[in-house]
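Every number here is computed from the coordinates shown, using simple stated rules; none is lab data. Since we're looking at a predicted model, the values are computed, not measured. For neighbour counting, all protein chains shown are included, and Cβ atoms are generated from backbone atoms with ideal geometry for every residue, glycine included.
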């Protein structure tokens, strides 16, 4: 027990000595900072101002962006209005072009068809030509 | 249509002028940097043993702090500032090591540029008797030499804990290590310094 007591007492003495040393070291250090020469102080001040200018330039960038916020908001509002207006109209699903259309386009006559597009679209609207009677209908 | 009105109302809500908050923050940052700049300079100077280099390192740390951490709480600034500064000091030492290797390769000795004069860069005495001035100057010189002889991490821990009086938690943030490591480095540093400076240092 006495050994333990002694070791803990030693630890306390050591800790106190460490603390005293740290206090002394801090005091010596502080005094060394108190008398920094004028030229160095000016340079420190300049450094600080340079750093703070960084904040100004950052806020300028933010300000520039914030000028755009209302305009962007209005544009968004207009876009929302247009979308809402158009939601009343029923959007029909787009029909996929049948494969035969591609075949026509790939056909040698494709270019002729393109030149006479109006005619072909008229045919398409007026409906399919009536089924021709089968060739063999009268047979037999 | 009510949705449109809501959207417009949100987009046009009055916001305070950005300059108002910035001015307040600028004042706080200015005061913070003023409080800390001299100690930071001396810490950097002890680490790199060159006032001009130390001034550059402090300036870079100030700029980086403002650029990256101005929005953080004021209580976070000190450890963040010292983290930036310590990283800068470590980078500086790495660059110096490379430079010295190159200089050796070109045939120049390492000590050619090592003309740092502790007395010339010592602080000007303020309101102290000549005896006190000499005593403090000598004590600081001995301390600086002893601190410089410490391993880098011990030196960092000692300077942040003793000179800047950061607590263990903030020192850990500044050093980028655990609180346990800080305690170990600091304890070893104090013991080494007490041993090297002797019991009668600064009496």
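Per-residue mean of foreign Cβ neighbours for B:191-200 is 2 (Cβ atoms of other chains, 10 Å radius). Annotation: the residues B:22, A:76, A:16, sorted from fewest to most other C-beta atoms within 10 Å of their own C-beta, follow the order A:16, A:76, B:22. Exposure proxy ranking for A:9, B:183, based on other Cβ atoms within 10 angstrom of each Cβ and starting from the fewest, stands as A:9, B:183.
Taking other C-beta atoms within 10 angstrom as a stand-in for reagent exposure, B:163, B:106 fall in the order B:106, B:163, fewest first. Normalised by the number of residues in the range B:23-117, the mean separation of alpha-carbon contacts (under 8 Å, six or more apart) gives a relative contact order of 25 percent.
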